[in-house]
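The structure appears right after this line, and notes come after that.
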Amino acid sequence: MANILLIRINCPDDRCAAAIGETLIVKKLAGCVNIDGPVEAVYMWEDELVREDEWVVWAKAPQDNYSKIEAEVIDMHPHEIPAILALPCIESNARYADWLTTNTKS
């Protein structure tokens with residue numbers, strides 16, 4: 001099986017999430033993205049408690065593309081420190097892994 005990552009990217013709104021997701025697909029960095037939201041985020045920023053809605057982009061991509069995806073997101077994202085978290089995919093059906101590899105480039 002190819003080394004696949006599930007990359008979670010939190011975005012401040014649906015437009016940002018869609019723009020990032022579509023860019024990752026058009027540039028063939030990810031084979032597929034899903035956008036969830038809104039979800040509620042709670043965190044500390046500059047010593048203040050923040051509660052706000054966010055949208056989550058889930059990108060399915062080869063591990064070799066992570067650094068390019070990270071650079072693309074940092075360039076496009078409006079937050080000073082965007083949340084970009086990559087999780088390894090332990091298992092995948094072979095046909096999906098092949099499809100993902102065919103539809104992305106490193």
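Computed from label points 7 Å out along Cα-Cβ, the spacing between Q63 and N93 is 2.4 nm. The string of couplings for segment 53-70 from the Karplus curve (6.51, -1.76, 1.60, θ = phi - 60°) is 7, 9, 10, 10, 9, 9, 9, 9, 8, x, 4, 4, 8, 4, 5, 5, 5, 4 Hz, one whole number per residue in order, with x for Gly and Pro.
What the Cα atoms of the chain give is an Rg and a Dmax of 14.3, 48 Å. Considering only L5, C16, V42, the residue lying farthest towards the positive end of the dipole of the chain is L5, judged by Cα position with unit charges set on Cβ. For the chain, a simple Cβ point-charge model (Lys and Arg +1, Asp and Glu -1, everything else neutral) yields a dipole of about 800 debye relative to the Cα centre. Amide H to amide H distances under 5 Å link N3 with Q63, where only residues 5 or more positions off or on other chains count and H is placed in the peptide plane.
Every read-out reported here was derived from the displayed coordinates using simple, explicitly stated rules and does not represent laboratory data. Just so we're clear, the structure is a prediction, and the values are computed from it rather than from any experiment. Heads up, the Cβs are rebuilt from the backbone with ideal geometry, glycines too, and the neighbour counts pull from every protein chain shown.
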